[in-house]
1. Amide H neighbours of TYR15 under 5 Å, at least 5 residues apart or on other chains, H built in the peptide plane: list them.
2. Taking the Cα atoms of the chain alone, what are Rg (to one decimal) and Dmax (as a whole number) in Å?
3. Just to check I understand the Karplus step: with θ = phi - 60° and J = 6.51 cos²θ - 1.76 cosθ + 1.60, what whole-Hz values come out for region 78-87, glycine and proline as x?
4. Once every DSSP H run of n ≥ 4 in the chain is given -39500 (n - 2.57) and the sum is divided by its residues, what mean residue ellipticity at 222 nm do you get, rounded to the nearest 500 deg cm²/dmol?
5. When only C-alpha pairs under 8 Å and at least 6 residues apart count, what is the relative contact order of the chain, in percent?
6. Sort 63-75, 47-59 by packing, meaning the average of other beta carbons within 10 Å per residue, with the highest value first.
7. Tally Lys and Arg at +1 and Asp and Glu at -1 over the other residues with C-beta under 12 Å from the C-beta of ALA76: what net charge comes out?
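Bear in mind these aren't lab numbers, they're just calculated from the coordinates by the rules spelled out. On a predicted model such as this, the values are computed, not experimentally measured, just so you know. Cβ sites come from the backbone with ideal geometry, for glycine too, and all protein chains shown count toward neighbours.
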Amino acid sequence: MKPRGDDDPIVLSFYCGPESETVDTCPAVHRTNRATWLWQGELRNDAQVRNQLRKPSPTEVGVEVGDDLVDMFVRAYAKEKYGVDLG
């Protein structure tokens, strides 16, 4: 991962997520040009959630996504990376 503060802007490529024309927002996973992943979901940064995160830095927050998106990501990644179709 490139260090924070790098002058290169982060560029996202949609990787997977529900495809719905009727929803204004939806959770998704994006691949970045920095060999990292960005998860789009509900920001959870209240004290109750933050206290349960594992050693968060001041710039880290929790992002909540549903099981359906995680399942979609695992299936797509296993197929792309390892050629394994999980069905």
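1. Answer set, sorted by chain and number: VAL29, HIS30, ARG31.
2. For the chain, the Cα radius of gyration and maximum Cα-Cα distance read 15.0, 41 Å.
3. With the stated coefficients, region 78-87 comes to 4, 5, 5, 7, 10, x, 9, 8, 7, x Hz.
4. Calculated mean residue ellipticity at 222 nm is -6500 deg cm²/dmol.
5. Normalised by residue count, the contact order of the chain is 23 percent.
6. 63-75, 47-59
7. +1
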